[in-house]
Amino acid sequence: MSIAVEFHHVSYRYGRKFALQDLSLSIPKGKATGLLGENGAGKSTLLKLITSIGKPTLGEIKVFGQKPGWKVNEQIAYLGDRAQWYKFHSIEKAIQYAEKIFPNFQVQQAKEYLDFMKLDSKAKVGDLSKGQMMRLQLILCLSRKVDLFLLDEPLSGIDLISREKIIDLLIHLLSEQEVTIVISTHEIMETEGLFEHLIFLKEGKVVKSGNVETLRAREGSIQHIYREVFQ
Ligand SMILES: Nc1ncnc2c1ncn2[C@@H]1O[C@H](COP(=O)(O)OP(=O)(O)OP(=O)(O)O)[C@@H](O)[C@H]1O
């Protein structure tokens, strides 16, 4: 199995509080990995460390064999704390703007995704609903030509139809390109079919991880495992 991201005994703390504790894990290359955990488990912190928004207090991280930093960030698209797009821009304009700020942005790809996600390119960013805004954020993120996508809770607070659209888009991307996707989520029911690999995070530690099929064969449905781990 080729590895995209490795954590070796990583700890991270905010002030006195440890958000991650002696955490070791591997994220396989070319697959979708689900990062599952309850509120405060450390999912966002883990994704931020991959993009070098923070540095580990202890331990070592490798992303495609390199230390996190600006160089490897060129290969990463991160959907994290929501990027601010100008509210007075139309979606079309937001795409032109994304092309300016992201060197590896694919305008044609973004236009295809817009159709797929049923967004009107003339609509103003400021007039979009939360779900439509998330669809747009995701389009702008996924239209970058990179090897690794990190999506921090892309489904949170989104209605069923938008969720299904987002999941369809991710499945489409995975079937078309050899990319690595890491998605943090609590929405295991809807996303289960998307993932090949799962990491269960609890109180800053990995409590279970592995290939989805292997986990299912050994321990039953993913929902069952989720309940066992988090109840
Ligand atoms: N900026 C911060 N300052 C202080 N503590 C923080 C900060 N960000 C996160 N924490 C703490 O670190 C721990 C992990 O937070 P993190 O946001 O990584 O969890 P999460 O799994 O992404 O949670 P959620 O599902 O609620 O988004 C939590 O206890 C949180 O309170």
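The values are calculated or read from the model by the stated rules, or taken from the named source; none is laboratory data. In this text, all values refer to a predicted model and were calculated from it rather than measured experimentally. Glycine also receives a Cβ, built like all others from the backbone with ideal geometry; neighbour counts cover every protein chain displayed.
In table form, for the structure just shown:
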quantity: Residues (crowded, with 19+ Cβ neighbours inside 10 Å and either within 16 Å of the ligand (Cβ to nearest atom) or assigned to a loop (DSSP other than H, G, I, E, B) (or both)) located in segment 62-74; calculated: 68
quantity: First in segment 38-67 and under 17 Å from residue 18 (Cα atoms), second anywhere and assigned to a loop (DSSP other than H, G, I, E, B) and of a type in the set (A, V, I, L, M), Cβ under 9 Å, 6 or more apart; calculated: 47/53
quantity: Residue match in segment 183-191 (condition: in a strand (DSSP E or B) and out of contact with any Phe, Trp or Tyr (no Cβ under 9 Å at 6 or more places or on another chain)); calculated: yes
quantity: Verdict on residue 137 being without any contact (Cβ under 8 Å) to a residue 40 or more places away in the chain and assigned to a helix (DSSP H, G or I); calculated: no
quantity: Residue among 79, 23 that is within 16 Å of the ligand (Cβ to nearest atom), in contact with a strand residue (DSSP E or B) (Cβ under 8 Å, 6 or more places away or on another chain) and modelled with pLDDT of 95 or more; calculated: 23
quantity: Residue check, residue 119 within 28 Å of residue 100 (Cα to Cα) and in a strand (DSSP E or B); calculated: no
quantity: Per-region count, segment 108-150, residues surrounded by 15 or more Cβ atoms within 10 Å (Cβ to Cβ), under 15 Å from residue 165 (Cα atoms) and touching a Gly at 6+ places or on another chain (Cβ under 9 Å); calculated: 2
quantity: Failed item in (1) more than 12 Å from the ligand (Cβ to nearest atom); (2) more than 27 Å from residue 110 (Cα to Cα), with residue 14 passing the rest; calculated: (1)
quantity: Matching residues, segment 3-25, being of a type in the set (Gly, Ala, Ser) and within 19 Å of residue 194 (Cβ to Cβ); calculated: 4
quantity: Hits in segment 152-176 (condition: assigned to a loop (DSSP other than H, G, I, E, B) and over 9 Å from residue 131 (Cα atoms)); calculated: 153, 154, 156
quantity: Segment 35-59 - residue that is small (Gly, Ala, Ser) and assigned to a loop (DSSP other than H, G, I, E, B) and, of those, farthest from the ligand (Cβ to nearest atom); calculated: 52
quantity: Tally of residues being more than 14 Å from the ligand (Cβ to nearest atom) and without any contact (Cβ under 8 Å) to a residue 40 or more places away in the chain across segment 167-191; calculated: 8
quantity: Test: residue in segment 26-34 that is over 29 Å from residue 172 (Cβ atoms) and either in a loop (DSSP other than H, G, I, E, B) or away from the ligand (no atom under 16 Å from the Cβ) (or both); calculated: no
